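These notes concern the structure reproduced below.
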Amino acid sequence: MMRTRFHLTPGQHGTKQLLTQYGDRLVCWRSRDDAQRKKRFKTVEIMVAEREWDPPAPRCTAATLVGVRVGFAEADMRDRVQQADRKWNRRRKVWDRRYDQVVALTLEARIVEEEASHTRYHDEKAKHLDADAWRVSTSRCLSL
């Protein structure tokens with residue numbers, strides 16, 4: 001099993017030579033160790049193609065309920081969300097808001113797709129997420 005030691009993006013210390021070699025195509029480089037084979041590997045991620053793409057329009061209507069994540073320490077933001085209407089979803093740990101209210105409060109970037117997992121063991125079938133690794137999306141809405 002290989003362990004990643006470093007993960008550097010272009011411009012960080014140690015990427016100068018690769019940046020001159022790959023230019024704007026360089027995405028990142030990683031240093032990996034394989035303890036069993038006693039080898040160290042340098043891997044490079046580069047872009048190989050680029051094309052225009054129009055993202056699909058959000059599937060939200062004004063009445064669609066979406067989950068909005070607000071951190072506990074963000075008191076001002078939490079107050080803004082609470083003023084519209086108090087609908088705390090305890091199970092998902094998000095504020096349920098109508099999509100038009102979220103847009104009016106400019107909180108589209110805080111819409112969450114999936115709930116957090118409270119288990120430390122990950123099951124591939126369950127597809128749980130870590131408690132603080134919520135997937136955030138501005139392109140999809142949840143119909144609750």
Checklist line | Enumeration of residues in the stretch 66-83 that are part of a helix (DSSP H, G or I) and not aliphatic (A, V, I, L, M) | finding: Asp76, Arg78, Asp79, Arg80, Gln82, Gln83
Note to self: List pairs: first residue in the stretch 96-116 and closer than 15 Å to Arg78 by Cβ, second residue at pLDDT 85 or above and part of a helix (DSSP H, G or I) anywhere in the structure, Cβ distance under 7 angstrom, at least six positions apart or on different chains.
What the structure shows: none
Notebook entry, point to check: Failed condition for Asp79, given (1) under 21 Å from the mean Cα position of the chain (by Cα); (2) more than 22 Å from Arg59 (Cα to Cα), with all others met?
Noted result: (1)
Next item on the list: Give the residue that is farthest from Ala109 (Cα to Cα), with candidates limited to residues of the stretch 43-93 that are basic (Lys, Arg) and surrounded by 11 or more Cβ atoms within 10 Å (Cβ to Cβ).
Entry: Lys87
Checklist line | Residues that are closer than 23 Å to Arg51 by Cβ and assigned to a loop (DSSP other than H, G, I, E, B), drawn from the stretch 7-33 | finding: Thr9, Pro10
Note to self: It is to be established whether one or more residues within the stretch 62-72 are touching a strand residue (DSSP E or B) at 6+ places or on another chain (Cβ under 7 Å) and aromatic (Phe, Trp, Tyr).
What the structure shows: no
Item checked: Of all residues in the stretch 4-60 being of a type in the set (Asp, Glu) and touching a strand residue (DSSP E or B) at 6+ places or on another chain (Cβ under 8 Å), the one that is farthest from Val103 (Cα to Cα) -> Asp34
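The values are calculated or read from the model by the stated rules, or taken from the named source; none is laboratory data. Keep in mind the model is a prediction, meaning the values are calculated, not measured. All Cβ positions, glycine included, derive from the backbone under ideal geometry; neighbour counts span all protein chains shown.
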